[in-house]
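The values are calculated or read from the model by the stated rules, or taken from the named source; none is laboratory data. Only a predicted model underlies this, so the values are computations on that prediction, with no experimental measurement involved. Heavy atoms of the whole protein, side chains included, go into the accessibility calculation; ligands, DNA and RNA do not. Shrake-Rupley method; radii C 1.70, N 1.55, O 1.52, S 1.80 Å.
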Amino acid sequence: MLKILLTNDDGIDAPGIHALYDSVRHAIQVHRPDEDVEIVAVAPDRCRSECGHSIVTTHPLTVTTVRENWHSVNGTPVDCIRVAHYAMDFQPDIVFSGINAGANLGVNLMISGTFAAAREASLLGIPALAASHYRRPDVPRTWDHTPTWLEPTIGDFFRAAIDAPAGGNPPPLWNVNLPAVAPDADLRPDIIECEVDRCPIDRTGTIEPGGRVRFELDFHARPREQGRDVQHCFDGRITVSKLGVHLGQ
């Protein structure tokens, strides 16, 4: 039986993790219809966005069963991977993290809890894919299209993670971003494999009375390198970056 673990950083009740479940199920029906599959979700009990690879060390973690095979943890996405791997009677063959409500591109991977969960799985020797969805205010934030958009990429990932001989290589670690374009029932955005952008995000900082610091930035106008994930995703393509645990390819 193929055992799949789902997690995220937006929380167990976020629509993105349910869209991820639907996307994985759809890809299984297309690419591995004869395989027995068990899917378990272990995700934070609330939003832990932008927590990076942090863990909780100040108190014991608590696992709550939300419904069958769906569990919440009062910790970070990395904590969720560790709980599933070490504390639960579930050893996943593959981990999917997401779908994050917002892009995780370029240097954002340094702070992304979504990607950190996938990276932690990879450190444990488990193939992992992190999925995020770029959003813009002028594009409806729907989720129903994600199974169609992600199906070819998840199929490719199944082949890389399960069918390819290990040969001593590290497990695949993929970061995928869906673009902020209006879904079209008859059109899937182009899919492109690319490297991660290295440009820092410009921001301004001000110290207000009382010592409060505020930062402002324009995420949509961020600098970008041509041919890398930020530019391709902002131009309307699905980006796939194949990485190592230290972000190198």
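Ordered by 1.4 Å accessible area with all protein chains kept, Ser54, Ser72 run largest first as Ser54, Ser72. Shown in residue order for region 31-47 are the 3J(HN,Hα) couplings computed by the Karplus curve 6.51 cos²θ - 1.76 cosθ + 1.60 at θ = phi - 60°: 9, 9, x, 9, 9, 6, 9, 10, 10, 10, 10, 10, 9, x, 6, 7, 5 Hz (x for Gly and Pro). For region 16-73, the spread of Cα positions along the three principal axes, ordered from largest to smallest, is 45, 24, 15 Å.
Among Asp36, Asp156, Asp190, the residue with the largest mean-square fluctuation in a Gaussian network model of the chain, with springs joining Cα atoms closer than 10 Å, is Asp36. With the alpha-carbon atoms of region 110-249 aligned to their principal axes, the span from lowest to highest coordinate is 59, 39, 27 Å, starting with the largest. Phi angles of region 132-142 translate, via the Karplus equation with coefficients 6.51, -1.76, 1.60 and θ = phi - 60°, into HN-Hα couplings of 9, 10, 4, 10, 10, x, 8, 10, x, 8, 9 Hz per residue; Gly and Pro are given as x.
Once you wrap a convex hull around the alpha carbon atoms of the chain, what is its projected area averaged over all directions, in nm²? Its average projected convex-hull area is 14.9 nm².
Share of the chain's accessible area from carbon and sulfur, percent, 1.4 Å? Let's see the in-between values first.
Details: 5770 of 11750 Å².
So the carbon and sulfur contribution to the accessible surface is 49 percent.
Excluding ligands, DNA and RNA, the accessible surface per residue across region 1-40 is 41 Å² with a 1.4 Å probe.
The solvent-accessible area of Met1, taken with every protein chain present and a 1.4 Å probe, is close to 140 Å².
Helical runs assigned H by DSSP (4 residues or longer) give the chain a calculated mean residue ellipticity at 222 nm of -6500 deg cm²/dmol, each run adding -39500 (n - 2.57) before division by the residue total.
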